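S.K.: Structure below; questions to follow.
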Amino acid sequence: MRIAFVIPGGVDRSGRHRVVPMFLWLIERLARRHELHVFVVDYEDRPSEYPLLGATVRDIGRPPRIPGMRRTFIRRRLENALNALEPFDVLHAYWGMPAGIVAAHLRIRRRTPLILTLDSGELVRLDDIGYGLQRRGVDRRALRFAMTHSAAVTVSTSFMATLASAHGVRPTVLPIGVDASLFPHAVRSEGPPWRLLRVASINRVKDYPTLLHAMAHIVSIIPSVHLDVVGEDTLGGAMTTLAASLGLTDHVTFHRMQPTDRVAELMARAHLHVVSSRHEAAGVTVLEAACTGLPTVGTAVGYVSDWREDRAVAVPVGDARALAAATLDLLRDPDRRLRIGERARDWAVRHDADWTARQFEDLYARIVTTR
């Protein structure tokens, strides 16, 4: 099968730096059995082409930062790239903006079936932090157009499927699994000292103020707790300043971006994985942590919302006291921590990257057969 995979970025030619690992895991597995062409629509400054994990990556070049020109530029460049390699059996766009919206327009012209995966802020509106495609009418209409003209819409969680249903869409829930071999099951020593881990870019939607205020409450009760934060800082050091103002300088380490093997090491020594996000369509780090047996406590979004019954502990979004209380309860209850971690691990290993690739292959085949 000839597959065109359209994504916003995260497939740097190094295969290690500036990458989205779940993209790499899916690309590698699909490329083993299919002719896979990956089209990147908003990443490198200039057009480029290079092999990666058995696929061919074609970056169309970064669009100009001119209001009203971005989508037009991407559409024209992507159309030219597709025209040079047609025909394709299926077009798979990942994220609604810009990949899905642009691919939907091109799909109409060439009648190639489109699979649209929504795995970001497509279905939410958080005006106070300027997040989500539901904030502007033009984006809402464009996303609805993309969903309407897709042969199938997929999401990773039931949480995201519920949001989609409010827009009249019945998506297929198809989790994007991880390479479990990179996150081996770990045997942890009991605390104290206790180690918490947060793996997420430092941005407004990840809500680090809630996490740091929760941490301040935690250390006021159990001082021997340390939080490791892994992720790119997009807020100019504001969270480091906040941590200092809360008296957390000795209790929080900001590691910035780290490669997968280093993240796995931090997960292996942690006692709890903590999520404070205001929104997650899924939350791949929950799966990575789960593979090591590391349980997650966090806000009721993405996988944490789906797993709240027996594979994670969920608290209300933005509630630092609730997050602190849930974290303290788990630190004090080793049997419950172990039980939650093992149930999460069983699910994550069964729904790994190999499983995901097979599910997408089956979906592609059904769509191609019935078109």
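S.K.: Tell me yes or no: at least one residue of the range 55-72 is in a helix (DSSP H, G or I), at negative phi and open to solvent by 40 Å² or more (accessible area, probe 1.4 Å). Spell out how you get there, then give the answer.
M.R.: Step one: list which residues in the range 55-72 are in a helix (DSSP H, G or I), which gives 70-72.
With the extra rule that they be at negative phi, the set shrinks to 70-72.
From what's left, open to solvent by 40 Å² or more (accessible area, probe 1.4 Å): 70-71.
For the range 55-72, residues in a helix (DSSP H, G or I), at negative phi and open to solvent by 40 Å² or more (accessible area, probe 1.4 Å): present.
S.K.: Can you tell me how many residues within the range 160-185 are over 13 Å from residue 122 (Cα atoms) and either part of a loop (DSSP other than H, G, I, E, B) or not hydroxyl-bearing (Ser, Thr, Tyr) (or both)?
M.R.: The number of residues fulfilling the criteria is 15.
S.K.: On to the next question. Would you confirm whether any residue within the range 284-296 is under 30 Å from residue 89 (Cα atoms) and buried (at least 18 other Cβ atoms within 10 Å of the Cβ)?
M.R.: Initial filter on the range 284-296 (under 30 Å from residue 89 (Cα atoms)): 284.
Retained after the next criterion (residues that are buried (at least 18 other Cβ atoms within 10 Å of the Cβ)): 284.
Yes; the residues of the range 284-296 include at least one that is under 30 Å from residue 89 (Cα atoms) and buried (at least 18 other Cβ atoms within 10 Å of the Cβ).
S.K.: Could you tell me whether the range 127-140 includes any residue that is free of Cβ contacts under 8 Å to residues at least 40 places away in the same chain and touching a Gly at 6+ places or on another chain (Cβ under 7 Å)?
M.R.: Taking the range 127-140 as the starting set, the residues that turn out to be free of Cβ contacts under 8 Å to residues at least 40 places away in the same chain are 127-128, 133-138, 140.
Remaining after also requiring touching a Gly at 6+ places or on another chain (Cβ under 7 Å): 133.
Yes, because at least one residue in the range 127-140 is free of Cβ contacts under 8 Å to residues at least 40 places away in the same chain and touching a Gly at 6+ places or on another chain (Cβ under 7 Å).
S.K.: Of these, 96, 100, 61, which one is over 26 Å from residue 144 (Cβ atoms) and touching a Ser or Thr at 6+ places or on another chain (Cβ under 9 Å)? I'd like the intermediate steps shown before the answer.
M.R.: On the way: 96 fails: over 26 Å from residue 144 (Cβ atoms); 100 fails: over 26 Å from residue 144 (Cβ atoms).
Residue meeting the stated conditions: 61.
S.K.: Next question. Would a scan of the range 254-274 turn up a residue that is within 18 Å of the chain's Cα centre (by Cα), closer than 28 Å to residue 154 by Cβ, at pLDDT 95 or above and among the β-branched types (Val, Ile, Thr)?
M.R.: yes
S.K.: Would you mention how many residues in the range 89-110 are under 19 Å from residue 8 (Cβ atoms) and not in a strand (DSSP E or B)?
M.R.: The qualifying residues number 13.
S.K.: Same structure, new question: What are the pairs, 6+ residues apart or on separate chains, where a residue within the range 31-45 that is aliphatic (A, V, I, L, M) has its Cβ under 8 Å from a residue that is open to solvent by 30 Å² or more (accessible area, probe 1.4 Å) and not in a loop (DSSP other than H, G, I, E, B)?
M.R.: As it stands, the answer is 36/56; 38/56; 38/58; 40/58; 41/77, since those pairs meet every condition given.
S.K.: Something else about it: How many residues does the range 171-210 hold that are over 28 Å from residue 251 (Cβ atoms), open to solvent by 20 Å² or more (accessible area, probe 1.4 Å) and either at pLDDT below 95 or β-branched (Val, Ile, Thr) (or both)? Reasoning before the result, please.
M.R.: We begin by selecting, within the range 171-210, every residue over 28 Å from residue 251 (Cβ atoms); these are 171-182.
Imposing the further condition that a residue be open to solvent by 20 Å² or more (accessible area, probe 1.4 Å) reduces the set to 171-173, 179-182.
Those still in the list that are either at pLDDT below 95 or β-branched (Val, Ile, Thr) (or both) too: 172-173.
Residues meeting the conditions: 2.
S.K.: Looking at (1) more than 24 Å from residue 263 (Cβ to Cβ); (2) assigned to a loop (DSSP other than H, G, I, E, B), which is the one condition that is false for residue 121?
M.R.: (1)
S.K.: I'd like to know if the range 93-109 contains one or more residues that are surrounded by fewer than 14 Cβ atoms within 10 Å (Cβ to Cβ), modelled with pLDDT under 85 and over 21 Å from residue 28 (Cα atoms).
M.R.: Step one: list which residues in the range 93-109 are surrounded by fewer than 14 Cβ atoms within 10 Å (Cβ to Cβ), which gives 108-109.
Then keep just the ones that are modelled with pLDDT under 85; that gives 108-109.
Right, trim to over 21 Å from residue 28 (Cα atoms) and you get 108-109.
Yes, there is a match, as at least one residue in the range 93-109 is surrounded by fewer than 14 Cβ atoms within 10 Å (Cβ to Cβ), modelled with pLDDT under 85 and over 21 Å from residue 28 (Cα atoms).
S.K.: Moving to a separate point now. Considering each of 140, 135 in turn, give the residue that is part of a helix (DSSP H, G or I) and open to solvent by 10 Å² or more (accessible area, probe 1.4 Å).
M.R.: Numbers: 135 fails: part of a helix (DSSP H, G or I).
Sole residue among the options that is part of a helix (DSSP H, G or I) and open to solvent by 10 Å² or more (accessible area, probe 1.4 Å): 140.
S.K.: Among the candidates 245, 224, 220, single out the residue that is in contact with a Phe, Trp or Tyr (Cβ under 7 Å, 6 or more places away or on another chain), open to solvent by 30 Å² or more (accessible area, probe 1.4 Å) and on the phi < 0 side of the Ramachandran plot.
M.R.: Numbers: 245 fails: in contact with a Phe, Trp or Tyr (Cβ under 7 Å, 6 or more places away or on another chain); 220 fails: in contact with a Phe, Trp or Tyr (Cβ under 7 Å, 6 or more places away or on another chain).
Going through 245, 224, 220 in turn, just one is in contact with a Phe, Trp or Tyr (Cβ under 7 Å, 6 or more places away or on another chain), open to solvent by 30 Å² or more (accessible area, probe 1.4 Å) and on the phi < 0 side of the Ramachandran plot: 224.
Rundown of residues vs (1) open to solvent by less than 20 Å² (accessible area, probe 1.4 Å); (2) of a type in the set (Phe, Trp, Tyr); (3) free of Cβ contacts under 8 Å to residues at least 60 places away in the same chain, yes/no style:
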{"residue": "311", "(1), (2), (3)": "no, no, yes"}
{"residue": "328", "(1), (2), (3)": "yes, no, no"}
{"residue": "334", "(1), (2), (3)": "no, no, no"}
{"residue": "337", "(1), (2), (3)": "yes, no, no"}
{"residue": "361", "(1), (2), (3)": "no, no, no"}
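S.K.: Has the range 144-157 got at least one residue that is within 25 Å of residue 286 (Cα to Cα) and either in a loop (DSSP other than H, G, I, E, B) or touching a Cys at 6+ places or on another chain (Cβ under 6 Å) (or both)?
M.R.: Narrowing the range 144-157 to residues within 25 Å of residue 286 (Cα to Cα): 153-157.
Going one step further and asking which of them are either in a loop (DSSP other than H, G, I, E, B) or touching a Cys at 6+ places or on another chain (Cβ under 6 Å) (or both), we end up with 156-157.
Within the range 144-157, one or more residues are within 25 Å of residue 286 (Cα to Cα) and either in a loop (DSSP other than H, G, I, E, B) or touching a Cys at 6+ places or on another chain (Cβ under 6 Å) (or both).
S.K.: Name the single residue, out of those in the range 110-126 being among the polar types (S, T, N, Q) and in contact (Cβ under 8 Å) with a residue 60 or more places away in the chain, that is least open to solvent (accessible area, probe 1.4 Å). Give the derivation first.
M.R.: So in the range 110-126, the residues among the polar types (S, T, N, Q) come out as 112, 117, 120.
The next check asks that each one be in contact (Cβ under 8 Å) with a residue 60 or more places away in the chain; those that pass are 112, 120.
Numbers: 112: 10, 120: 41 Å².
It comes out as 112.
S.K.: Could you check the range 339-356 and list, in sequence order, the residues that are touching a residue at least 60 places away in the same chain (Cβ under 8 Å) and hydrophobic (A, V, I, L, M, F, W, C)? Please lay out each step first, then the result.
M.R.: Of all residues in the range 339-356, those touching a residue at least 60 places away in the same chain (Cβ under 8 Å) come to 345, 348-349, 351-356.
The answer is 348, 349, 353, 355.
The values are calculated or read from the model by the stated rules, or taken from the named source; none is laboratory data. On a predicted model such as this, the values are computed, not experimentally measured, just so you know. So basically every Cβ, Gly included, is an ideal-geometry build from the backbone, and we count neighbours across all protein chains shown. Calculation scope for accessible area: heavy atoms of the full protein, side chains included, ligands and nucleic acids excluded. Shrake-Rupley method; radii C 1.70, N 1.55, O 1.52, S 1.80 Å.
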